[in-house]
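In what follows, a structure is listed as structure tokens, so that the remarks can point back to it.
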Amino acid sequence: MSHLTDLPPWAAILVCGLMVAGAATTLIGSLGLLRLPDFYARLHAPTIATSGGTILLCLASILCFAVLQSRWVFHEVLIIFFVTVTTPVTLMLLGQAALYRDRFENRPDVPRKPRPAPDEE
């Protein structure tokens with residue numbers, strides 16, 4: 001039997017709201033991944049939505065178990081921290097790798113690397 005029936009109605013409503021908001025945010029990011037036109041635009045939607053969705057889902061879990069067990073759960077705090085820290089780093093690495101590849105292949109729609117001015121050399 002589940003102990004979720006012991007959750008007070010105010011907490012259940014808040015947990016459900018956070019879960020639905022987190023799932024909707026993640027879904028919007030996934031749809032952005034499908035709908036956006038090129039790789040560089042596709043980097044932003046899932047990155048931002050994944051971080052936001054994960055934070056909302058972890059907040060729902062923190063609230064649920066804090067109310068049920070009268071203690072804070074730090075696993076979710078660590079998940080929030082690591083997702084928030086590693087997602088932008090991954091975004092930058094993927095963007096740099098794609099930019100390097102596109103410049104190497106001489107694609108016309110990619111900005112060229114700026115050349116240093118003669119006085120800066």
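The values are calculated or read from the model by the stated rules, or taken from the named source; none is laboratory data. Given the structure is predicted, the values throughout are model-derived calculations rather than measurements. Cβ: placed from backbone, ideal geometry, glycine included. Neighbour counts: every protein chain shown. Accessible surface is based on the protein model in full, side chains and every heavy atom, while ligands, DNA and RNA are left aside. Shrake-Rupley method; radii C 1.70, N 1.55, O 1.52, S 1.80 Å.
Any idea how many residues of segment 41-72 are open to solvent by less than 70 Å² (accessible area, probe 1.4 Å), over 13 Å from the mean Cα position of the chain (by Cα) and of a type outside the set (S, T, N, Q)?
Qualifying residue count, segment 41-72: 8.
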| query | So how many residues does segment 73-118 have that are aliphatic (A, V, I, L, M), exposed (fewer than 15 other Cβ atoms within 10 Å of the Cβ) and modelled with pLDDT of 85 or more? | reply | 7
| query | Of 91, 68, 63, which residue is hydrophobic (A, V, I, L, M, F, W, C) and touching a residue at least 60 places away in the same chain (Cβ under 8 Å)? | reply | 68
| Every residue from segment 52-94 that is under 15 Å from residue 20 (Cα atoms) and not hydrophobic (A, V, I, L, M, F, W, C) | 52, 53, 54, 61
